[in-house]
Amino acid sequence: MITRRTLAGLMAGAALLPAATRAQQAAPAMPAAGERPWAKQVPQIRIGLLGGENEADRLGRFDAYRKLIEDTFKVPVRLFPAADYAGVMQAFSAGQIEASSMGASGYAGAWLDTNGAVEPLVVPLENDGSSSYISVMVTRKDSGITSLEQMKGKSLAWADPNSTSGYLIPRSELRNSGVDINGYFSRTGFAGGHEQAVVAVLQKQYDACCTWASGIGDESQGFSRGNLQAMVSKGMLKMSDLNLIWKSRPIPNGPLVVRSALPAAFKEDFTAFHMALPTAHPKVYADIERGGGKGYERVTHAMFEPIVQLRREEAAERRRRS
């Protein structure tokens, strides 16, 4: 069970290992370096990188990770930064990548688009041992908007149509709380990613945006992990410039996803690599996880079935509007 709060219905039945039990487990060993029999079927590992951050920063954060995978499994590793979330989803559909870390909604969309031809391996754990995060809505400090009620008639930026925290969950929760999204806000639009959404608010292109944060740690520093923390650490943002006016219930952390057709031995090696990464190479781990946490936990598709259902409901809502 998620250790901070229950995700009221959305996470019903998704049983996760208690944090106390995780803490008792010995740190797994990094797989021994060397060639693998599966390399004949997977001669290179192509990893998709989600949009939402400028390309140079993404490639910089993931370069040591790329090299470490290469050195461990002795096959070339290539990074494919996508312009948006849909780019990674489409790459999975076309069999152009082997793996990517995705948000829960992006994974659910890829699973639907490929008729179940992708699967999750692990999810990251937060500093308190939980496997969830939150969506937050922020406004500029100088806007005077300090509550959701004051957003009536104001403009709102979504991060990406395939983002869990930047679109799917806030829309669902706002609708369930009685907010008519199509009439409540003066306008809504897509900013092109989480980083871009916050920048659009700071530059007064929108009054507010939805983005993601761990929901734990020092709020004045953007929490322990997430888009706000990353922007603070890069000097792009001071939390004192923002009002945080709304928080969602906990959302299941997005998984590391691979194509289901890949050899079972590859999937096991790739899982073992990530399970060992936080203790064996903490700097690499912290770089790819935007601040780090308590490592990873193995998961199955069942954890994300509620998100798949939300995707189906959102698609039905779009059809009704059209």
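The values are calculated or read from the model by the stated rules, or taken from the named source; none is laboratory data. Since the structure is predicted, the reported quantities are computational estimates derived from the model, not experimental observations. Cβ coordinates were reconstructed from backbone atoms using ideal geometry, including for glycine residues, and neighbour counts include every protein chain displayed.
How about the stretch 261-286: which of its residues are hydrophobic (A, V, I, L, M, F, W, C) and touching a residue at least 60 places away in the same chain (Cβ under 8 Å)? Ala261, Leu262, Ala265, Phe266, Phe270, Ala272, Phe273, Met275, Ala276, Leu277, Ala280, Val284 - these are the residues of the stretch 261-286 that are hydrophobic (A, V, I, L, M, F, W, C) and touching a residue at least 60 places away in the same chain (Cβ under 8 Å). In the set (1) modelled with pLDDT of 95 or more; (2) part of a helix (DSSP H, G or I); (3) not aliphatic (A, V, I, L, M), Gly254 fails one condition alone, (2). In the stretch 230-239, the condition of being within 15 Å of Val136 (Cβ to Cβ) and at pLDDT below 95 is met by at least one residue. Before we move on, is Val179 in the same structural domain as Val308 (by TED's automatic domain parsing) and either under 15 Å from Gly52 (Cβ atoms) or not basic (Lys, Arg) (or both)? Judged against the criteria, Val179 is not a match. The residues listed here are Ala108, Ala157; of these, the one that is touching a Gly at 6+ places or on another chain (Cβ under 8 Å) and either assigned to a loop (DSSP other than H, G, I, E, B) or at pLDDT 95 or above (or both) is Ala157. Based on what the data block shows, is Ile145 β-branched (Val, Ile, Thr), surrounded by 17 or more Cβ atoms within 10 Å (Cβ to Cβ) and not assigned by TED's automatic domain parsing to the domain that holds Thr300? Considered against the rule, which asks whether it is β-branched (Val, Ile, Thr), surrounded by 17 or more Cβ atoms within 10 Å (Cβ to Cβ) and not assigned by TED's automatic domain parsing to the domain that holds Thr300, Ile145 comes out as yes. For the condition within 28 Å of Gly217 (Cβ to Cβ) and at pLDDT below 95, Leu7 qualifies. In the stretch 186-218, what residues are in a loop (DSSP other than H, G, I, E, B), surrounded by fewer than 21 Cβ atoms within 10 Å (Cβ to Cβ) and of a type outside the set (D, E, K, R)? If the condition is that a residue be in a loop (DSSP other than H, G, I, E, B), surrounded by fewer than 21 Cβ atoms within 10 Å (Cβ to Cβ) and of a type outside the set (D, E, K, R), then Ser186, Gly192, Gln203, Gln205, Ile216, Gly217 are the ones that fit. Would you confirm whether any residue within the stretch 56-63 is in a helix (DSSP H, G or I), surrounded by 15 or more Cβ atoms within 10 Å (Cβ to Cβ) and in contact (Cβ under 8 Å) with a residue 24 or more places away in the chain? Within the stretch 56-63, one or more residues are in a helix (DSSP H, G or I), surrounded by 15 or more Cβ atoms within 10 Å (Cβ to Cβ) and in contact (Cβ under 8 Å) with a residue 24 or more places away in the chain.
Within the stretch 173-184, the set of residues being surrounded by fewer than 20 Cβ atoms within 10 Å (Cβ to Cβ) and either more than 19 Å from Pro250 (Cα to Cα) or in contact with a helix residue (DSSP H, G or I) (Cβ under 7 Å, 6 or more places away or on another chain) (or both) comprises Arg175, Gly178, Val179, Asp180, Ile181, Asn182, Gly183, Tyr184. Please determine whether any residue of the stretch 116-125 is assigned by TED's automatic domain parsing to the domain that holds Pro37, modelled with pLDDT of 95 or more, out of contact with any helix residue (DSSP H, G or I) (no Cβ under 7 Å at 6 or more places or on another chain) and in a loop (DSSP other than H, G, I, E, B). Within the stretch 116-125 (the criterion being assigned by TED's automatic domain parsing to the domain that holds Pro37, modelled with pLDDT of 95 or more, out of contact with any helix residue (DSSP H, G or I) (no Cβ under 7 Å at 6 or more places or on another chain) and in a loop (DSSP other than H, G, I, E, B)), the answer is yes, since at least one residue qualifies.
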